[in-house]
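First comes the structure, then the notes that go with it.
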Amino acid sequence: MEKHYFAHPTAVIDEGCKIGKGVKIWHFSHIMADCVIGENCNIGQNVVVSGQVVLGKNVKVQNNVSIYSGVTCADDVFLGPSMVFTNVTNPRSAVNRRGQYSKTHVGKGASIGANATIVCGHDIGEFAFIGAGAVVTKNVPPYALVMGNPARQSGWMSEFGHKLTFGKDGFAVCPESKEKYKLENGTVQKIK
């Protein structure tokens, strides 16, 4: 059977994983059994994708990222260099907590900056933007911009990755795409 993805010769691909068409897997990465990687994903150097992880289409995983069991990412997610997912809230070397992994879902189009940490059991909303070095300790709403340790919301982002400035009427326009957004009752929606 012909391989429909690229894997660098140093990458380790375990049997039993599902890898979509057009995927690129780079140097020294390990793709473990029972994970799913959607079409056109890019898996950077020195990445681990554990079993039961699901990555949607066009997910970009930068160098030195470990994606542990319990994590799912929707389409078009960006995982920045050396960002971290956890999967147990109270790890102890002498206590086996396999099967007790907390789940984390990253919504469509979300971006997680370099060296950010996502504490397990907290979901990241669609098109949310997690700043570099942030430590996420609670759920992040769609389109939210969060930064710091612990991460706190400091604004809203467009689907093109620009900070939105809302007028008194509750509307904002992305400077790049010219798409319009509405802020109402603490949530943002793109106007179609």
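The values are calculated or read from the model by the stated rules, or taken from the named source; none is laboratory data. These numbers come from a predicted model, not from an experiment. Neighbour counts run over all protein chains shown; Cβ positions are idealised from the backbone, glycine included.
Brief remarks follow.
- The set of residues in the range 136-154 that are small (G, A, S), loosely packed, with under 15 Cβ neighbours inside 10 Å and not in a strand (DSSP E or B) contains only G148.
- Matching entry among G121, G167 (being out of contact with any Cys (no Cβ under 8 Å at 6 or more places or on another chain), under 23 Å from V71 (Cα atoms) and not in a strand (DSSP E or B)): G121
- Put simply, of K108, K3 the only residue that is part of a loop (DSSP other than H, G, I, E, B), of a type in the set (K, R) and within 18 Å of the chain's Cα centre (by Cα) is K108.
- If you go through the range 158-175 and keep only what is more than 18 Å from the chain's Cα centre (by Cα) and exposed (fewer than 14 other Cβ atoms within 10 Å of the Cβ), you end up with T165, G167, K168, D169, G170, P175.
- Neighbours by Cβ (under 8 Å, 6+ apart or cross-chain): first from the range 79-90, at positive phi; second buried (at least 22 other Cβ atoms within 10 Å of the Cβ) and modelled with pLDDT of 90 or more: S82/V65
To keep it simple, each residue is scored yes or no on (1) buried (at least 22 other Cβ atoms within 10 Å of the Cβ); (2) not in a strand (DSSP E or B); (3) not aliphatic (A, V, I, L, M).
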{"position": "V88", "(1), (2), (3)": "no, yes, no"}
{"position": "Q100", "(1), (2), (3)": "no, yes, yes"}
{"position": "N115", "(1), (2), (3)": "no, yes, yes"}
{"position": "E126", "(1), (2), (3)": "no, yes, yes"}
{"position": "W156", "(1), (2), (3)": "yes, no, yes"}
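- Count of residues meeting criterion [assigned to a loop (DSSP other than H, G, I, E, B) and either closer than 24 Å to L145 by Cβ or at pLDDT below 90 (or both)] in the range 65-86: 10
- For the range 6-27, a residue qualifies if it is part of a loop (DSSP other than H, G, I, E, B) and surrounded by 15 or more Cβ atoms within 10 Å (Cβ to Cβ), and the qualifying residues are A11, C17, G20, G22, V23, W26.
- Residue check, S111 touching an Asp or Glu at 6+ places or on another chain (Cβ under 7 Å) and crowded, with 19+ Cβ neighbours inside 10 Å: no
- Failed item in (1) out of contact with any Asp or Glu (no Cβ under 9 Å at 6 or more places or on another chain); (2) at pLDDT 95 or above; (3) of a type outside the set (A, V, I, L, M, F, W, C), with N96 passing the rest: (2)
Conditions (1) without any contact (Cβ under 8 Å) to a residue 40 or more places away in the chain; (2) out of contact with any strand residue (DSSP E or B) (no Cβ under 6 Å at 6 or more places or on another chain); (3) under 19 Å from F78 (Cα atoms); (4) among the basic types (K, R), marked per residue:
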{"site": "V146", "(1), (2), (3), (4)": "yes, no, yes, no"}
{"site": "A151", "(1), (2), (3), (4)": "yes, no, yes, no"}
{"site": "S158", "(1), (2), (3), (4)": "yes, yes, yes, no"}
{"site": "A172", "(1), (2), (3), (4)": "yes, no, no, no"}
{"site": "V188", "(1), (2), (3), (4)": "no, no, no, no"}
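- Taken over the range 103-160, the criterion of being closer than 19 Å to C41 by Cβ and aromatic (F, W, Y) is satisfied by F127 alone.
- Residue count for the range 65-112 under the criterion of being β-branched (V, I, T) and more than 22 Å from W26 (Cα to Cα): the result is 6.
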